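Here the structure comes first, spelled out in structure tokens, and everything after it is commentary.
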Amino acid sequence: MTSMWARALCVGLLAFTVGLIHHLQPDIPEAALEYLSSSLQSLSSRETTSRSPSFEEALSAAWDQLITAPSRHWGKVAVGVNACVDVVVSGVSLLQALGLNPKSGGDHTVLTSQEELAATFLHYMQRGAAAERFYSDADSFQHISQTATQNPDAKHFVGGNAALIAQRLASHPETEVLLCGPIGPKLHELLDDRILVPPGSLQEQDEYHLILEYKAGEQWASARAPAASRFIFSHDLSNGAMTSLEVLLSSLEDFQPKLLVLSGLHMMEGLSQEKRASRLHEAANALSDVPSDILIHLELASMTDGDLMRGIIYQFLSVCSLGQQVFPLISSLGLNEQELLFLTQSADGPHSTVPAWSGVPDVGIVSDILFWILQGSGSEGSGLTRVHFHTLAYHIIATIDGFWGNQIAAVAAGARIAGAQACASETIDPSRVMLKSPLEFSTSQTETGSTAKITAKEPVAVWRKGGVTFHFTPVLICKDPTRTVGLGDAISAEGLLFSESKTQ
């Protein structure tokens, strides 16, 4: 840094000297002035070229070289089924406006009161972790939502995993997108004009979700947030019952997509056990009729009910099991660190005794669980061949060999959009991002695994194990994120856009 300032000072003094000489001695030979000027230009050029690019600049440039389009695009993608209007507001500001000030945090799987809302928000804020909950009291939720919308800083956005994924997919002009979900007038107004909405998805009223955001270092009650994140809650009956699933599936014959992106299963936590079991069974039967040439990507979201998670994922359950009937049809899965850990805890998978992540999730532990999901469970009937894992510091795409191509580009594209969108910019701004990812790590914690590493010039690490290939890349984290909602959905959508199926 000292030498840089010294060079800059020399350049400035030389420029001043040339100007002064020319002013005091206008008759000085032109050759002398040209010599001095060329010296100035040489020093200036040397100053520009002597500065090496930062790690962030070099990594971003390397991504740009690696992110190449797949040889075959999806063409048409159908997406469903959760959609809503997100009301984004400062969590601390809203809870203070409601007169809430809990003494301690506590996690509640279903929120029944404002006090439980405050305690659960505090619980996750002090961990810097995202979470989503169902608010069971309709009248109380209406009061809270009215208070939120009256906040002068409240903003309205497209919400719901399906709608957010559709928005990202529609940003690529070569992709035609169909969206099915409960779409009211406000949401329809907010959606990209290129998104097709079947008449059966339109309804008179919107579903609202409240997004309580907090910044890194923000304090409230006994909590100090270690990272920026958000807490989401709603009293959403349409999405909770997946009322648009049948509309989505009935639209496939006319639309004829190559890819179906399904999300919103986590919203069923608000249903009674009996209604949930019935709806899961109906969903299983409906999805079993999807033509085999349409690949299905399942996007998970925050859940707290182990039975629901087992019903969605674990193949050996009965009665409520989506796994036994639907999981063989799922080709691709997207999830974050909270969902990954809850998945293995619910199904007694590897590292299921880990109660919670401490800091950046260990890469070896994550890759062990991903390997188990794809192959380690011993499933012979599963059609799952791809898992896209994303956490704040890094991403991993794991694939069974022979089914997917262009995954280096896909994982890099997902990481790039994470840093750009969080900063509300089209491209990565190296001055606004930082690195928290390990640069060298063990690829397994259950067995003696190899050590992988990445560099700024080679930002994607690739390793193989038992017929599964792993693609790892760090994330350039926005230092001062503008908005954290929907990052996971944008990441998964971007990864899918750059993925190529070898089975179609």
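The values are calculated or read from the model by the stated rules, or taken from the named source; none is laboratory data. In this text the structure is predicted, and so the values were computed from the model without any measurement. Because the Cβ atoms are built from the backbone with ideal geometry, glycine has one as well, and the counts that use them run over all protein chains shown. The area values use the complete protein model at the heavy-atom level, side chains included, leaving out ligands, DNA and RNA. Shrake-Rupley method; radii C 1.70, N 1.55, O 1.52, S 1.80 Å.
Quick notes
- Multiplying the residue separation of S113 and Q142 by 0.36 nm and removing their Cα-Cα distance gives an extension gain of 9.2 nm.
- Separation of alpha-carbon centers, segment 402-423 and segment 459-495, rounded to whole Å: 6
- Shape of segment 387-504, Cα gyration tensor, a/c cut at 1.5: oblate
- Remark: relative contact order (segment 351-504) = 33 percent; criterion is Cα-Cα distance under 8 angstrom and separation of 6 or more residues.
- Separation of alpha-carbon centers, segment 219-290 and segment 167-197, rounded to whole Å: 17
- Label-point gap, in nm, between H73 and E282 - each point 7 angstrom along Cα→Cβ: 3.7
- Average Cα contact separation per residue, segment 173-214, under 8 Å, 6 or more apart, as relative contact order %: 47
- Full-extension gain in nm, S358 to L435, via 0.36 nm per residue minus C-alpha separation: 26.0 nm
- Correct option for Rg/Rh (Cα atoms, Kirkwood Rh) [calculated from the coordinates] among (1) 1.09; (2) 0.96; (3) 1.06: (3)
- 3J(HN,Hα) couplings calculated from phi for segment 348-358 with the Karplus curve 6.51 cos²θ - 1.76 cosθ + 1.60 (θ = phi - 60°) are, in sequence order, 6, x, x, 6, 5, 7, 5, x, 6, 6, 10 Hz; Gly and Pro show x.
- Protein accessible area in the chain, 1.4 Å probe - carbon and sulfur %: 51
- Loop-located trypsin sites (Lys or Arg not before Pro) in segment 396-489 (DSSP state not H, G, I, E or B) with no more than 13 neighbouring Cβ atoms inside 10 Å: K457.
- Probing with 1.4 Å while keeping every protein chain in the model, the per residue accessible area of the chain equals 44 Å².
- Rounded to two decimals, the Cα radius of gyration of segment 173-267 over 2.2 N^0.38 Å is 1.39.
- Antiparallel %, DSSP beta bridges [both residues in the chain], to 5: 50
- A helix-only calculation puts the chain at -11500 deg cm²/dmol for mean residue ellipticity at 222 nm, using -39500 (n - 2.57) for each DSSP H run of at least four residues, averaged over all residues.
- Candidate cross-link partners of K436 among the lysines, defined by an alpha-carbon separation under 18 Å and a same-chain spacing of 8 or more, comprise K215, K453, K457, K479.
- Mean separation of Cα contacts under 8 Å (6+ apart) over length of the chain, as relative contact order %: 16
- Placing R0 at 25 angstrom, the Cβ-Cβ distance between A97 and Q205 gives a FRET efficiency of 0.55 after rounding to 0.05.
- Cα gyration tensor, segment 352-432 - rounded (a/c under 1.5), prolate or oblate: oblate
- Straight-line cross-link partners of K76 among the lysines, defined as a Cα under 26 Å from its Cα and at least 8 positions apart when in the same chain: K186, K258, K502.
- Amide H contacts of A228 (H built 1.01 Å from N, in plane; Pro and chain starts excluded): A216 sit under 5 Å, all sequence-distant by 5 or more or on other chains.
- Residue range of the chain that is longest and free of GluC sites (Glu not before Pro) which are both DSSP loop and sparsely packed (at most 13 other C-beta within 10 Å): 205-379
- Efficiency of FRET between R224 and T482 - r from beta-carbon atoms, R0 35 angstrom, step 0.05: 0.95
- Cα→Cβ-extended label distance, 7 Å offset, between E253 and E174, nm: 3.1
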